[in-house]
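Right, one structure below, let's go through it.
Values in this text are rule-based calculations from the coordinates and carry no lab data. Being a predicted model, the structure only gives us computed values, none of them experimental. Virtual Cβ from ideal backbone geometry, glycine too; neighbours counted across all protein chains shown.
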Amino acid sequence: MELITGTVTLEGPAERFTGEVHLDMIETPAEPARLAVALVRFAPGARTNWHSHALGQVLHVVDGVALVGTRDGSVVRATAGQTIKCPPGEEHWHGATDERFMSHLAMVVGDGHGDGTTWSEPVTDRQYAAALVAAAPKTRG
């Protein structure tokens, strides 16, 4: 058994994120284990670049409202306590709404050669704006 008493908060690298993002690595894969877990905090409007995971990803929203978008334009809106599963190989992005901070636990199982993540280009402001509209809560009229 091992008690981990704290981690260093890292700034999300600009080549993988748009906006202010901070990461606390909770678990980093070390053979034979392959689990990677991070607490990721997004400022309003912040988001990941497009990316995929060889073995998929699980996102558990801790605070705020998360948006998760896919290449086909689908967008999921999730709130604290909800979990999103991204299947293996699906290109997606995730981040906060433009109104408030969001935190989630990001969990991936590595493929034996790192965490199995393939990073791509940033989500454009236009793609992000379209996701905000698509994921807006529906009001009754």
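What ranking of 84, 4, 26 emerges when the number of other C-beta atoms within 10 Å of each C-beta is taken as an exposure proxy, fewest first?
Working: 84 18, 4 7, 26 15.
Fewest-to-most ranking of 84, 4, 26: 4, 26, 84.
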Notebook entry, point to check: When only Cα pairs under 8 Å and 6 or more residues apart are kept, what is the percent relative contact order across the chain?
Noted result: 28
Next item on the list: Could you check which residue among 124, 79, 70 shows the biggest mean-square fluctuation in a GNM of the chain with a 10 Å Cα cutoff?
Entry: 124
Margin query: Can you list residues from other chains, or at least 5 along the same chain, whose modelled amide H is less than 5 Å from the amide H of residue 17?
Written below: 49
Note to self: Under 20 Å from a point placed 7 Å out from the Cα of residue 26 along the Cα-to-Cβ direction: which residues of segment 114-129 have their backbone N that close?
What the structure shows: 115-117
Notebook entry, point to check: To the nearest Å, what is the center-to-center distance of segment 16-87 and segment 111-134, using C-alpha atoms only?
Noted result: 10
Checklist line | Cleavage-rule hits, GluC sites (Glu not before Pro), segment 1-88, DSSP coil, Cβ neighbours within 10 Å at most 10 | finding: 2, 15
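In the calculated pair distance distribution of the chain, what percentage of Cα-Cα distances lie above 28 Å? It would help to have the intermediate numbers written out before the result.
Numbers: 1449 of 9870 pairs.
Counting pairs separated by more than 28 Å, the tail of P(r) holds 15 percent.
For each of 93, 50, count neighbouring Cβ atoms within 10 Å of the residue's Cβ, then give the residues from fewest to most. Kindly include the intermediate steps, with their values, before the conclusion.
Working: 93 23, 50 19.
Taking fewest neighbouring Cβ atoms as first place, the list is 50, 93.
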Notebook entry, point to check: Which one of 109, 124, 64 has its Cα pushed farthest toward the positive end of the charge dipole of segment 17-141, where Lys and Arg give +1 and Asp and Glu give -1 at the Cβ?
Noted result: 64
Next item on the list: Rank these for me by crowding, 98, 24, 72, 125, going from fewest to most other beta carbons within 10 Å.
Entry: 72, 125, 98, 24
Checklist line | Nearest-0.05 FRET efficiency for residue 58 and residue 15, computed from C-beta distance (R0 30 Å) | finding: 0.80
Next item on the list: Kindly express, to the nearest 10 degrees and within the range 0 to 90, the angle between helix 125-134's C-alpha long axis and the longest C-alpha principal axis of the chain.
Entry: 70
Checklist line | Label-point gap, in nm, between residue 129 and residue 49 - each point 7 angstrom along Cα→Cβ | finding: 2.3
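For segment 59-100, state which trypsin sites (Lys or Arg not before Pro) are in a DSSP loop and have at most 15 other beta carbons lying within 10 Å of their beta carbon.
Values: sites: 71, 77, 85, 100; in loops: 71, 100.
Here the trypsin sites (Lys or Arg not before Pro) that fit, given the DSSP loop and packing criteria, are 71, 100.
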